[in-house]
1. For the stretch 149-173, give me each residue that is within 19 Å of the chain's Cα centre (by Cα) and either surrounded by fewer than 19 Cβ atoms within 10 Å (Cβ to Cβ) or more than 18 Å from residue 98 (Cβ to Cβ) (or both).
2. So which of 212, 262, 258 ends up being closer than 20 Å to residue 113 by Cα and in the same structural domain as residue 140 (by TED's automatic domain parsing)?
3. Pull up the stretch 130-148, narrow it to residues that are part of a helix (DSSP H, G or I) and touching a residue at least 40 places away in the same chain (Cβ under 8 Å), then point me to the one that is surrounded by the fewest Cβ atoms within 10 Å (Cβ to Cβ).
4. Any residue that is without any contact (Cβ under 8 Å) to a residue 24 or more places away in the chain, assigned by TED's automatic domain parsing to the domain that holds residue 259 and part of a loop (DSSP other than H, G, I, E, B) - is there at least one of those in the stretch 174-195?
5. How many of the residues making up the stretch 84-121 are within 20 Å of residue 191 (Cβ to Cβ) and assigned to a helix (DSSP H, G or I)?
């Protein structure tokens, strides 16, 4: 693209923009915020000059060759005044009202910068939705509107990265499988109509915004970059929107009905957590709690160990629980096995219980433990009463002396 004398070419402007961006990064790395604000002002002026050189008409006024930057203090004061005139939540509300559909923070900032004075700082949008939810839960309905989250149609949970307005109908704040495309077409339609009515279609920022919408809608882009007709864009968006509007509206209405019946006021605005949805689902369609079982008599006296006899009617014992067969539905109470004279087997006790199990080695109660002398008598041989003495092993000395003593006795 040729440039007249004294007018920088787009290539020169692009090089200047690259240099200014690097200078901004170096200033922020040094911690010099004043110099960074000054460089950002020059960067925006260079970008506006590039937009005018590329997107502007040929017969229009050419941008100045060397844009004179404003003093840093004056530029910073002017931008702070523009930001301070309207709160951030009011700026977001204006942009969402123009779009008419749930939108991401980046699209909200682009729309506000194109049609409204000033800009929305991206750092404020990060915590804006949490602040709105905290304010509503502290004092419900104390504000005329709240910036809340869009709700997913399947789980009624907050949709990630989408902001809506609480005054919109619930069907408009719910997003389903087709909602991202329908919301994009709705935003493109409303932006194109607003640009055509206000006469701001030739603004570089508006043309850049329209171009972003047109690149995702077939048959709307012009021959050159930025040559987008708002009327053509609106017609193409309206034609494609009619294809998806019925199915998307049906899914949104069904999800909105579920949200009205299951969620409270705060959950309908800011969404519900997954654990709350699971609790609600189990409470709605889960099995009914089982009825309490009748108390079972416990202790050895619950079931008699000998012969048939009446059951205990007194208070429940606190001993080990005896095994009583449970009644079967429709067959009445199960019979209690009897023992003793009837010939039946004795009742079985639960595993590990010693309530009705007889001891393996019964011992009379009056028998005393054996004394040490009695134990020695039991160990003694049958022919005597003294305890058996262990035999001493033979030693080599005793075996050598034995024959000598025998010989001496023979001599005698």
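1. Within the stretch 149-173, 149, 151, 152, 153, 154, 155, 156, 157, 158, 159, 160, 161 qualify.
2. Only one candidate qualifies: 212.
3. It comes out as 137.
4. no
5. 21
The values are calculated or read from the model by the stated rules, or taken from the named source; none is laboratory data. All values derive from a computational prediction rather than experimental measurement. A quick note on method: Cβ atoms are made from the backbone with ideal geometry, for glycine too, and the neighbour counts reach across all protein chains shown.
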